1. What single numbered condition from (1) surrounded by 17 or more Cβ atoms within 10 Å (Cβ to Cβ); (2) over 25 Å from Leu109 (Cβ atoms) fails to hold for Asn216?
2. Return the residue satisfying two criteria in turn: it lies in segment 119-138 and is open to solvent by 60 Å² or more (accessible area, probe 1.4 Å) and aliphatic (A, V, I, L, M), and of such residues it is farthest from Leu280 (Cα to Cα).
3. How about segment 150-159: which of its residues are hydrophobic (A, V, I, L, M, F, W, C) and either assigned to a loop (DSSP other than H, G, I, E, B) or under 28 Å from the mean Cα position of the chain (by Cα) (or both)?
4. In segment 1-92, which helices (runs of 4 or more DSSP H) lie fully inside it and hold 1 or more residues that are at pLDDT below 90?
5. Under the condition of being part of a strand (DSSP E or B) and of a type in the set (Ser, Thr, Tyr), which residue from segment 160-200 is surrounded by the fewest Cβ atoms within 10 Å (Cβ to Cβ)?
6. Could you grab the pairs with beta carbons closer than 7 Å, sequence gap of 6+ or different chains, first residue in segment 270-290 and touching a residue at least 24 places away in the same chain (Cβ under 8 Å) and open to solvent by 20 Å² or more (accessible area, probe 1.4 Å), second one in a helix (DSSP H, G or I) and charged (D, E, K, R)?
7. More than 27 Å from Trp22 (Cα to Cα) and hydrophobic (A, V, I, L, M, F, W, C): which single residue out of Val234, Val273 fits that description?
8. Take segment 126-149 and flag every residue that is free of Cβ contacts under 8 Å to residues at least 60 places away in the same chain and assigned to a helix (DSSP H, G or I).
Amino acid sequence: MSTPAVTTPSRWRALTHHHLFWPVAVLIFLLLVNVPFTPDFFAIRMTDGHLYGSLVSIVLYGSPLILVAVGMTLVIATGGIDLSVGAVVAITGALTCSYISDQADQNALAGVFLAMGVGLVAAVVCGLWNGFLVARMGIQPIIATLIIMVAGRGVAQLITDGQIITTNSEPYKFIGGGYWLTLPFSIFVVAAVVAVTVALTRRTALGLLVESVGGNAEASRLVGIRSRRIKIMVYMFCALCAGIAGLMISSNTSAADGNNAGLWIELDAILAVVIGGTSLLGGRFSIGGTVIGALVIQTLTTTIYTIGVPTQTNLVFKAAVVIVVCLLQSPKFRAKVFGAKGARTTAPAEPATPADAAPEMEVSR
């Protein structure tokens, strides 16, 4: 018997039901919206051996958000949330810039690497604290991470004495503002972090362990999975990603602003994770979807400035677009809006006749 051919409508239906279809479609739509306002939007030019263009800028300025969102994905996959990543960004940048500014030679590689190490260690300690409160003390994640979200800003202000610390270090500026192989160096950093994360979560059992903890932490513990340790690890990893993002932001501006660095980046990261298809209830996650979600957020920000949306209404415009994206990803919403006609034309199943039901009753006796 020959296998029936797959029809075009069924292929289209399968494509639209893929979890990455709508985020990619929205990303392409946002990119195309910019063309009437900026005809050379897709143009990429070479200047002094460096690639420039709107697409390069979107990836460049979206790199910190991608890093934070990747770490947030694993936290959300365990059924948690991390509101402290913005404060961790500020603390890391403040510590690193403060240490570099105190050096006699700010261009010394040893001093720069040591300063970055101090900043990243502080970030990991913040993640360890969050994981301890959530996994060991049983505090709700939104409350546990809210502690550092509030207090972390104060810590960053104490480190900088309430001032904006500036640096004059070329090696440090290279992290967020340098170029390598014609591309911004931060793109390679993000690519490396994403590649390592995908390798650890999809090529090893770590990804399944994270998903099982998010699905049912108590059941995972009963079958031998150390769910508490998994939770602590993902919070530490999320803080590490936020710390690297803090290095990028502060090095790109050669300054540390304890009050504004990473401000509200936690909300954009959560939006990126949700747009990418990861449920806030925990369980299955998608790193690729998160990267696309972060690019959607950054492209939306670029589009707002390109089309000239008034500054006082850009947040409302951004929220409206995010709501549309989330609705398009909802199967129930798509079924009601796009599948209403098909649902009405579908014939209901015929009820069983008494003749068909009689033998079944006879067997039960």
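The values are calculated or read from the model by the stated rules, or taken from the named source; none is laboratory data. Being a predicted model, the structure only gives us computed values, none of them experimental. All Cβ positions, even for glycine, are placed from backbone atoms using ideal geometry, and neighbour counts span all protein chains on display. Accessible surface areas use protein heavy atoms only, side chains included; no ligands, DNA or RNA. Shrake-Rupley method; radii C 1.70, N 1.55, O 1.52, S 1.80 Å.
1. Of (1) surrounded by 17 or more Cβ atoms within 10 Å (Cβ to Cβ); (2) over 25 Å from Leu109 (Cβ atoms), only one is false for Asn216: (1).
2. Val121
3. Just the residues of segment 150-159 that are hydrophobic (A, V, I, L, M, F, W, C), to begin with: 150-151, 155-156, 158-159.
Across segment 150-159, the qualifying residues are Val150, Ala151, Val155, Ala156, Ile159.
4. Working: elements: 8-16, 21-33, 54-77.
Where helices (runs of 4 or more DSSP H) fall fully within segment 1-92 and carry at least 1 residues being at pLDDT below 90, they are 8-16, 21-33.
5. Filtering segment 160-200 for residues that are part of a strand (DSSP E or B) and of a type in the set (Ser, Thr, Tyr), the one surrounded by the fewest Cβ atoms within 10 Å (Cβ to Cβ) comes out as Thr166.
6. Within 7 Å, the pairs are Arg284/Glu211.
7. Val234
8. Hits for segment 126-149 are Trp129, Leu133, Ile143, Ala144.
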